[in-house]
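Asker: My structure is below; once you've seen it, I'll send some questions.
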Amino acid sequence: MAAPGRGRTRWELVLPIVAVPVIVLAALVAGIALWAVSGDGGSDGDRDRDGGRTGAAAEVPCAEVLAFGAAARPDGAHVRDCTVQRGIDTSYSAVLRMPRDDVRGWLRATYPDAPEPRTGGGVCGALCLDVTRGNGLPGTAGAHVVQVRVENENAETALVRFSAFTM
């Protein structure tokens, strides 16, 4: 290789070749840093199939909530606060207010192969039922687990918290 001309160094030839990858690497590192500090890893654009943000609870029709757990609205029940939350798993929930005397019959009709509901205080309230696939949950359910928690509001009315979710 011939010696560089007078007043010129080899660095003038090597520097442009080395500078291009260094600039590209610096831009890549800056982009990753901006992505990392942008909040939740850039998931602001992530949407679930209903248009809501993934992971945020969204209101849905109460029939959808109950159907996900293979249930139907019991006669005389008022259903409210029906939501779905999607992420890695899907979780539906609803609150039913219904005649207290009808709760056990509704549970038996809805989940005939389920174990008998538990009674007791604490987390359970007045009555609890947990059904899973292979333990009383019908095959038509989209859920893997259904949990029902019943609180007696008064002598005639029960507050039923219904949740159905995947795992």
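Asker: Can you tell me which condition TRP106 does not meet? The list is (1) open to solvent by 20 Å² or more (accessible area, probe 1.4 Å); (2) in a loop (DSSP other than H, G, I, E, B); (3) of a type in the set (A, V, I, L, M, F, W, C), and all the others hold.
Answerer: It is condition (2) that TRP106 fails.
Asker: Could you tell me whether ARG97 is at pLDDT 95 or above, over 19 Å from the mean Cα position of the chain (by Cα), farther than 17 Å from ALA57 by Cβ and of a type in the set (D, E, K, R)?
Answerer: Values: at pLDDT 95 or above: yes; over 19 Å from the mean Cα position of the chain (by Cα): yes; farther than 17 Å from ALA57 by Cβ: yes; of a type in the set (D, E, K, R): yes.
Spelling it out, ARG97 is indeed at pLDDT 95 or above, over 19 Å from the mean Cα position of the chain (by Cα), farther than 17 Å from ALA57 by Cβ and of a type in the set (D, E, K, R).
Asker: Still on this structure, I have one more. Please find, among ARG104, ARG49, the residue that is under 14 Å from VAL150 (Cβ atoms), out of contact with any helix residue (DSSP H, G or I) (no Cβ under 8 Å at 6 or more places or on another chain) and at pLDDT below 95.
Answerer: Only one candidate passes the filter, namely ARG104.
Asker: Checking the structure you have, find out if any residue of the stretch 71-83 is touching a Phe, Trp or Tyr at 6+ places or on another chain (Cβ under 6 Å) and either at pLDDT below 90 or in a loop (DSSP other than H, G, I, E, B) (or both).
Answerer: yes
Asker: Further question: Could you tell me which residue of the stretch 54-70 is least open to solvent (accessible area, probe 1.4 Å), considering only residues that are under 20 Å from ASP130 (Cβ atoms) and not in a helix (DSSP H, G or I)?
Answerer: GLY69
Asker: Yes or no: GLY87 touching an Asp or Glu at 6+ places or on another chain (Cβ under 7 Å) and open to solvent by less than 70 Å² (accessible area, probe 1.4 Å)?
Answerer: Working: touching an Asp or Glu at 6+ places or on another chain (Cβ under 7 Å): no; open to solvent by less than 70 Å² (accessible area, probe 1.4 Å): yes.
In short, no.
Asker: Mind listing whichever residues of the stretch 120-156 are in contact (Cβ under 8 Å) with a residue 24 or more places away in the chain, touching a strand residue (DSSP E or B) at 6+ places or on another chain (Cβ under 6 Å) and closer than 13 Å to THR166 by Cβ?
Answerer: The answer is LEU137, ALA143, VAL146.
Asker: Under 7 Å between Cβ atoms, at least 6 apart or on separate chains: pull out the pairs that start in the stretch 75-94 with a residue that is at positive phi and end on any residue that is charged (D, E, K, R).
Answerer: Listed pairs, sorted by first residue: GLY76/ASP102.
Asker: Could you look through the stretch 112-167, keep only residues that are among the basic types (Lys, Arg) and within 25 Å of the chain's Cα centre (by Cα), and pick out the one that is farthest from ALA72 (Cα to Cα)?
Answerer: ARG133
The values are calculated or read from the model by the stated rules, or taken from the named source; none is laboratory data. What you see is a predicted model; the values in this text were computed from it and never measured. As a convention, Cβ positions derive from the backbone with ideal geometry for all residues, glycine included, and neighbour counts pool all protein chains shown. When the accessible area is computed, the model is the full protein with side chains, heavy atoms only, and any ligands, DNA or RNA have been set aside. Shrake-Rupley method; radii C 1.70, N 1.55, O 1.52, S 1.80 Å.
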